[in-house]
Structures are given as structure tokens and as C-alpha cells.
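Derivation of every value follows stated rules applied to the coordinates shown; laboratory data play no part. It should be emphasised that the depicted structure is a prediction, and the values quoted were computed from it without experimental measurement. Note that we place each Cβ from the backbone using ideal geometry, even for glycine, and neighbour counts take in every protein chain shown.
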Amino acid sequence: MENEVYRASTTAPVNIAVIKYWGKRDAKLNLPTNSSLSVTLSQSDLRTHTTASCSRSFTHDILILNGKEDDVSGHRTQSCFRELRALRKELEDSDSKLPTLSQQSLKIVSSNNFPTAAGLASSAAGFAALVRAIADLYQLPQSPAELSKIARQGSGSACRSLFGGYSAWAMGSAPDGSDSLAYEVAPQSYWPDMRACILVVSAEKKGVSSTSGMQLTVKTSTLFAERVRETVPARMRAMEQAIKEKDFETFAELTMRDSNSFHATCLDTYPPIFYMGDTSRAAVRAVEKINEAAGRTVAAYTFDAGPNAVVYYQEKDEALVAGQFKELLAETQGWETERGQRVQEGGKAE
Ligand code: PMV
């Protein structure tokens, strides 16, 4: 049929790294200088929902993000479209009965179920959902690991969002990026009581984009060389082991140390990059107090390229962790919990 519209919808979760990706060895292909590992929490339900459609009646590719038309001409989006179309073309070449979807324009409609301004890594879920939706539309047989190589070209951290639960991104060594892909460390069901509390600094915004930040760190930081050569490879092994053993204390220490190490290389960048602010540091102290009061490590903070804190804990310790934040941060303005309660002036929660 001439004007038939083909359509597929999917969702992809936000992932928050516990061993951070920071540094590109190839900026065009998004090849990293170190491997990384993240957790996606299905019950926190921060997701991007995407519908991909194509039709002969569409005149050009279009992307609608949270209700507004977005630019599709950037090389990241173009790389994803090009690679997915090439895979569809291979299918069509091998079976002449298939409709030639690879030659039709695409319409991508995408929305986040969390505020984009919350400063969470929305590009990770965004590109993962875009790649998955188009792969489903094209009925591609490629595995999530294979598709992760395409999502990686949209946004590095997006490759890890092709999997739920605990997933890693192997940096690889091939110059063409063929071995730089995500793999599952463990499904969410393997260690299901992991939880995340997201503390949002409502007032501040990300100053330096992750792409330009990491380029500058690679060029100027001396701490960075040590981090990628020694620190991260050892931590990747230890973190995979901690997850296999469901050893929260080790998981937590590695998470906090790696966040600190990443932000130390940002500070060691010249000129320095400050992602954490006073409010972020108050969250670090609050986590330390919570752990001290519990007499063991029950909470772990981590910060991405922005001031917001993500705090990991286990469900059995919910009362010791989530409930304590409002009290401990009552003196600090500007915090919001995942459930939307804001600590207001005077310390009263809404
Ligand atoms: O995927 P990008 O280019 O937005 O970079 C993400 C970098 C961090 O969020 C800081 C770390 C990570 O591994 O997700």
C-alpha cells in the first residue's frame, strides 16, 4: 500500500554509572578511554518512551522530543539512522518480499516520564529507546549487545541502557569500535532489592557538556592518566565481583570512590570543571552521617556531570536511608526527592 504507516514503540530506562565513563579516545565513534558499569532500576521507572514510524508518505526524517520538534541533522542521530537503515537494507536485499522501509523517511516521537530539566542523563535513555524502536520497526535480528554499538554512537552511556539491571560497557580496542559494546553483568532480578533515591538540585543547571568536559580532561588532567590506566580497570573487576556476591558494602565503597575520582579529574582539568556544588557536598556528608548512624555502609552516593545526587541503598534499609534525607538536608535549600517532595526554606517538606 502506497501510504501505509509502519510503527513500533518501546521504552528504555535511565542508567546511572557506578564506575564512570569519562574520556573519549575517538570522539566521532564515541570510543571511551575506560570501561564503565551502571545500574538501571526498573522500579524507579525513569524511562524514555519512543515510537518510531515510517511511511512513503513522509517527506523527511523528523524527531519530536517531549512535544517539540528536535534537530535530526546532528552527526549522532544521523549515525544511528544510517547504521540502522544499512542493517534493514541487508534484510531487504536477502528477501525481496519485504517492504523497502530502509528507503522511507522516519518519524520518531519520544518523551521522558521525568523532567528533562532534572539534569538526569536523559540522552542515555533517549538514544537507547530510539535505537531499540527503529530496530523493532525494521524487525532487525541483532542482539542488544550488537545494537548497543549503534546506541553508543548517539551517546556513549546510551549503550548501557539497552540492558536493564547491572550492565557494563567494555571499552574495546578495535579502532573501528566493533568491540566497544555493552554487556549484561546481571539482570535486575539477580539483586532485586537495590534502590536509588534521586536528589535533585532544582536551581542549578549543568554548565559544561559532558562531551566538551571530557575532551578537556583528557587533554589537561594528569590525574586522568592514572585513573584510566590503573584505577578503573581494577575497580571494574572488583565491582563485577561485588555484584556477583551481592556485597553492598563493597559495591557502595567502589561507587563512592569512583564518583570522587571522576570529580577529582574534573577539578584537575585546566581550567577546572565543577559539577558538584555546596548542595552536592551536603548530600555527601548526609550519606556519611547515615552510614555512621547505621554502624555499616547502607547508602552510596554518586554524581554525574551535574550537581544532583543519586543514592543507592537496599530496600531492607529504606527506613535508614530515604527517610533520613529530609531531616539531614532540611537546612540545605534546593533539594527535591524522586517523589517530588521539595525541602523548602525553613526545613519543612512539601
Ligand atoms: O553519555 P554521555 O556523553 O552523556 O556521558 C556520560 C558521562 C557520565 O554520565 C558522567 C558518566 C557515565 O558513565 O554515565
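Structural remarks
- Inter-part distance, segment 210-273 to segment 119-166, computed on C-alpha centroids, equals 23 Å.
- Were the residues from Gln78 through Ala225 laid out at 0.36 nm apart, the gain over their Cα-Cα distance would be 49.7 nm.
- Asn113 paired with Ala174, simple spin-label distance in nm, labels 7 Å along Cα-to-beta-carbon: 3.5
- By the count of other C-beta atoms within 10 Å, a proxy for reagent exposure, Thr217, Thr59 are ordered fewest to most as Thr59, Thr217.
- Entry note, the chain: the mean residue ellipticity at 222 nm calculated from DSSP H runs of n ≥ 4, each adding -39500 (n - 2.57), is -11500 deg cm²/dmol after division by the residues and rounding to the nearest 500.
- Shape call, segment 239-333: gyration tensor on alpha carbons, a/c limit 1.5: oblate
- Using C-alpha pairs below 8 Å separated by at least 6 residues, the relative contact order for segment 5-190 is 29 percent.
- Sorting His75, His263, His49 from the fewest to the most surrounding beta carbons within 10 angstrom yields His75, His49, His263.
- Degrees separating the helix 144-154 axis from the principal Cα axis of the chain, which is the longest one: 80
- Ordered by the number of other Cβ atoms lying within 10 Å of each residue's own Cβ, fewest first, Cys159, Cys266 fall into the sequence Cys266, Cys159.
- Net charge of Cβ neighbours under 11 Å - reference Ala17; Lys, Arg +1; Asp, Glu -1: 0
- Cα-only Debye scattering, segment 5-190: base-10 log of I(q)/I(0) at q = 0.10, 0.15 Å⁻¹: -0.37, -0.84
- Tilt relative to the chain, helix 75-94 - C-alpha long axis, 0 to 90 degrees, to 10: 40
- Residue pairs exceeding 30 angstrom between C-alpha atoms, taken from Lys149/Lys219; Lys219/Lys246; Lys68/Lys219; Lys107/Lys219; Lys20/Lys244; Lys20/Lys246: Lys219/Lys246; Lys68/Lys219; Lys107/Lys219.
- Computed over the chain, the convex hull of the alpha-carbon atoms projects to a mean area of 18.2 nm².
- Mean Cα-pair separation over length for the chain, i.e. relative contact order, pairs under 8 Å, 6 or more apart, %: 18
- Taking the longest Cα principal axis of the chain as reference, the axis of helix 318-328 is set at about 70 degrees.
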